[in-house]
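**Student:** My structure is below; once you've seen it, I'll send some questions.
The values are calculated or read from the model by the stated rules, or taken from the named source; none is laboratory data. These figures come from a predicted structure and were not determined experimentally. Quick reminder, even Gly has a Cβ in these numbers, built from the backbone with ideal geometry, and neighbours come from all protein chains shown. Ligands, DNA and RNA are stripped out before the accessible areas are found, and what is left, the full protein with its side chains, is counted by its heavy atoms. Shrake-Rupley method; radii C 1.70, N 1.55, O 1.52, S 1.80 Å.
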Amino acid sequence: MRRFRLLALLVAAVLVVSGCSSLPRSGDVHTVNPSGGVDSNVGLVGQPPAEDATPEEIVLGFLIASRAGVEDNFAVARQYLLSATSAEWDPFAQVRVYPDSQSIQTSRTSTGAVRAKVGSLGTLASDGTYTESLNEAVTISDFSLARDSDGQWRIANLDDGVLLSEHTFFSQLYTETPVYFLSWDQQTLVADLRWFPRQEAATRAVNALIAGPSPWLAEGLTSSIPTDTKLVRPVNVEDSVATVELSGNVLSLSESERANVTEQITQTVMAAESVQDVEVTAQGTPLVDNDAVNLSDYPYGSYGISLLSGGDPAVEVNGEPVGVSGLDMSDAGLEGLAVSYSSDDPLYASIGDDGDSLYVMDPSAESYNVVATGSDLVEPSFDKDGFVWTGDRSNEGGLTAFATRFEGPEENATNPVAAPWLEGMTVRNIAVSRDGSRIVVVADTGGETAMFSAGIVRNADDAPISLSEPIRVGQRLTGVSSVAWIGPTELVVLGRTSAGSDTSLYSVKVGGPTTRLASLQGTNTASMTAGRGEQSVVILTDTGTVMGRSGGAWRNITTSVDAVAFPG
C-alpha cells in the first residue's frame, strides 16, 4: 500500500513539457492529497526507461529513480536524461524537502511545460548546510522533454538537485551530522550542523571539517587541522572502529595540535557513524598515543533554577522563593534575570530603572553596580567567560558586553560589539551559546519577528568585538517570546507558527528544521528558561507560577515569581 500511495503522489508531481513534438499547452490545475501515513523504512530501486514511454512516464520514472539515486549514484536516473543534460545535471547541488502529507498541484504553463508546486520545508545545499523555509514557502519545478536520436522521450531541461519528502525519503537517506570545530580559546568543541547521505556521512563530514566552518562561523572559530590537509581515502568502518587516514602534513603539528585534530575528527565521525572508536592516522602512524584531549561540545554543568521575586534575586527552597542574602534591590525595579556559570557564587544581572540600566549583582560581596546604560535595554545574557550582554531594543547596529571579571577601571570593562545588520531592528531577546562562540538574537524586522544566529568575533584578550553576518533560524515561527540553548546546535523556543495559533514549545536546530515539543495551551505561559535537554525547560505563567517538566506533564515549583533563569 505504501508503494501505491507513493506512485500516486509522484504522478501528481509529473512535469512534462515542450519538445520536438506537440504537447498540450493548457489544462486544469490538479491536486493530489496523499495519505498521512509514513513508512519508516522505505527502499526504492529505480528502473530504466521503458521503450516508447510517454513524457509523463519518463518524468515519473525519473522522479522515482532520482529518489533511489542517493544509493546508486544516480546511474539509473541519468538514463532518463538526454546525454548533454546528464553531463550538466548535478543531483547533489540541492535537496528540496517538502511535507509528506501536503498536496502537490500541477498545471500547464503557456510553453507547454507542466509546473508542479508543493510546500517547502527547507533546502539542503551541496556542502550539507540546511536552510529552513519560511512558513508559507513553496517549491516550484518545471521539466522539459525532447526526443533523442532513437526517437525516445528524454528530459532535456530540469533543475539541479532532487526533491524529497521529509520523512519518507529525506530522513531515511540523509543523517544529521555535527562537524566539530574549536572555540576561539580552543577549550570547547563548537558544532557546525550539516546533513549528509547516510552511506557517505563520515567521509563527507571529515572533508567538511578539513574545508572549514560555514561562513557565518568562520571568523569566530578555529581548527587545528591545516587547510592543505587531505583525506587519503574514504573513512573505513570495520568491527565498530572507524579509520581516518590523513595526509602526512599533519605529522609536523605539535603534540597538542595533533591531540586537537584527533578530538575534532573523533567526535565528528562518532556523530556520523555508529562506532565505538576512531583511529586517526597519517602515513600509517597514529596522530596521538592516547586520548589526551577530551573537549566538551556543551560546557554546561548541574545548576539549580534562579528566580526574581519581590524585586530581588532568589532561589527556590521547599516550594517557596527565598531572596539571596546580601542583596536588597527592591528600589531598582528589576526586570528579567541572567545568571553566571557558577554553582558556588553566581553573579546576577537584570535590567532596572525602567529599562535604562544594566545591574550586575554579587551576593558574595554584598554589592551591585550599574555597568551599562541605554534606552529600553534588552534582558541580559551571560557567556561562559563572565561577559554579560545587553543592548538597546531599538537598535542602531550593535550590542554591549560587560566584562564582570575585568580587574582594571570599570569604564574599560565595557565592550561595544558591532553588528551592523541589527540597525533598524527591534531586539526582543538574546541568548549566548554555552561555548560563547554564537549568539541568537530575536528581533522585529520588516513587520515580522525573526530569529538570527551569528558568530561572536573576539580580540586577542578574548573580549567580544563584533558579530558575524547571521543566518536565519526557526523560520517557521512567526512569534517568539523566549529562547534558550539546550544542546550544541539546539534551541528551545516559546512561540507560535501563525498569528492566533496556540503558544507552544519548539525545538529549533541551528542549521536544521523546527519541530514542536509540547503544547502550552491553558498554562498562560509568559516566559521560559532551560539548561540541558528538553526536559530541563521551566516556564513562568502570567500569574507568577513556576512550573517544570515532568515527563509529558507540568509540575508546580513555586509562585510569586517575576522571572526565571538558568545560567546563561
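**Student:** The conditions are (1) in a loop (DSSP other than H, G, I, E, B); (2) in contact with a strand residue (DSSP E or B) (Cβ under 7 Å, 6 or more places away or on another chain); (3) of a type outside the set (S, T, Y); (4) at pLDDT 50 or above, and G27 fails exactly one of them. Which is it?
**Tutor:** The failed condition is (4).
**Student:** Something else: With the structure loaded, tell me whether G304 is touching a helix residue (DSSP H, G or I) at 6+ places or on another chain (Cβ under 6 Å) and open to solvent by 30 Å² or more (accessible area, probe 1.4 Å) or whether it fails that test.
**Tutor:** no
**Student:** Is at least one residue of region 482-495 among the hydroxyl-bearing types (S, T, Y), under 19 Å from the mean Cα position of the chain (by Cα) and assigned to a loop (DSSP other than H, G, I, E, B)?
**Tutor:** yes
**Student:** Further question on the same structure: Name the residue that is nearest to R428 (Cα to Cα), counting only residues in region 311-336 that are in contact (Cβ under 8 Å) with a residue 60 or more places away in the chain and open to solvent by 30 Å² or more (accessible area, probe 1.4 Å).
**Tutor:** Looking at the filtered set, the residue picked out is E335.
**Student:** Can you name every residue in region 520-568 that is touching a residue at least 24 places away in the same chain (Cβ under 8 Å), of a type in the set (A, V, I, L, M, F, W, C) and open to solvent by 20 Å² or more (accessible area, probe 1.4 Å)?
**Tutor:** A526, M547, W554, I557, F566
Rundown of residues vs (1) under 23 Å from T529 (Cα atoms); (2) surrounded by fewer than 23 Cβ atoms within 10 Å (Cβ to Cβ), yes/no style:
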| site | (1), (2) |
| --- | --- |
| G398 | no, yes |
| L422 | no, no |
| M425 | no, yes |
| I439 | yes, no |
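**Student:** Let me ask something additional. I'd like to verify a number: residues in region 333-374 that are in contact with a helix residue (DSSP H, G or I) (Cβ under 9 Å, 6 or more places away or on another chain) and hydrophobic (A, V, I, L, M, F, W, C), how many?
**Tutor:** Residues that pass the stated criteria total 2.
**Student:** Within region 506-519, is there a residue that is surrounded by fewer than 19 Cβ atoms within 10 Å (Cβ to Cβ) and assigned to a loop (DSSP other than H, G, I, E, B)?
**Tutor:** No, the conditions are met nowhere in region 506-519.
**Student:** Tell me, please, whether a residue that is at pLDDT 90 or above and over 22 Å from E88 (Cβ atoms) can be found in region 106-117.
**Tutor:** no
**Student:** Here's a follow-up. Determine if region 177-197 includes at least one residue that is in contact (Cβ under 8 Å) with a residue 40 or more places away in the chain, over 18 Å from the mean Cα position of the chain (by Cα), buried (at least 20 other Cβ atoms within 10 Å of the Cβ) and not in a strand (DSSP E or B).
**Tutor:** Yes, that holds for at least one residue.
**Student:** Give, as residue ranges, the strands (runs of 3 or more DSSP E) completely inside region 520-568 that count at least 3 residues that are among the acidic types (D, E) and within 12 Å of V483 (Cα to Cα).
**Tutor:** Per the criteria, no element qualifies.
**Student:** What number of residues within region 530-547 are within 27 Å of the chain's Cα centre (by Cα) and more than 19 Å from R516 (Cβ to Cβ)?
**Tutor:** 3
**Student:** I need the full set of residues from region 366-393 which are in contact with a Leu (Cβ under 9 Å, 6 or more places away or on another chain), closer than 19 Å to V483 by Cβ and of a type in the set (A, V, I, L, M, F, W, C), in order please.
**Tutor:** Those that are in contact with a Leu (Cβ under 9 Å, 6 or more places away or on another chain), closer than 19 Å to V483 by Cβ and of a type in the set (A, V, I, L, M, F, W, C): L377, V378, F382, V388, W389.
**Student:** Residue check: is T131 assigned to a strand (DSSP E or B), free of Cβ contacts under 8 Å to residues at least 60 places away in the same chain and under 17 Å from the mean Cα position of the chain (by Cα)?
**Tutor:** no
**Student:** Without any contact (Cβ under 8 Å) to a residue 24 or more places away in the chain and either of a type in the set (K, R) or in a helix (DSSP H, G or I) (or both), is that true of S149?
**Tutor:** Numbers: without any contact (Cβ under 8 Å) to a residue 24 or more places away in the chain: yes; either of a type in the set (K, R) or in a helix (DSSP H, G or I) (or both): no.
It is false that S149 is without any contact (Cβ under 8 Å) to a residue 24 or more places away in the chain and either of a type in the set (K, R) or in a helix (DSSP H, G or I) (or both).
**Student:** Which residues, taken from region 337-346, are touching a residue at least 24 places away in the same chain (Cβ under 8 Å) and open to solvent by 30 Å² or more (accessible area, probe 1.4 Å)?
**Tutor:** Those that are touching a residue at least 24 places away in the same chain (Cβ under 8 Å) and open to solvent by 30 Å² or more (accessible area, probe 1.4 Å): Y341, S342, S343.
**Student:** In region 208-230, which residues are in contact with a Ser or Thr (Cβ under 7 Å, 6 or more places away or on another chain), free of Cβ contacts under 8 Å to residues at least 60 places away in the same chain and on the phi < 0 side of the Ramachandran plot?
**Tutor:** L209, I210, T229, K230
**Student:** On to the next question. Just give me the residues in region 211-261 being assigned to a helix (DSSP H, G or I) and open to solvent by less than 20 Å² (accessible area, probe 1.4 Å), in sequence order.
**Tutor:** Listed by number, the residues that qualify are L217, V250, A259, N260, V261.
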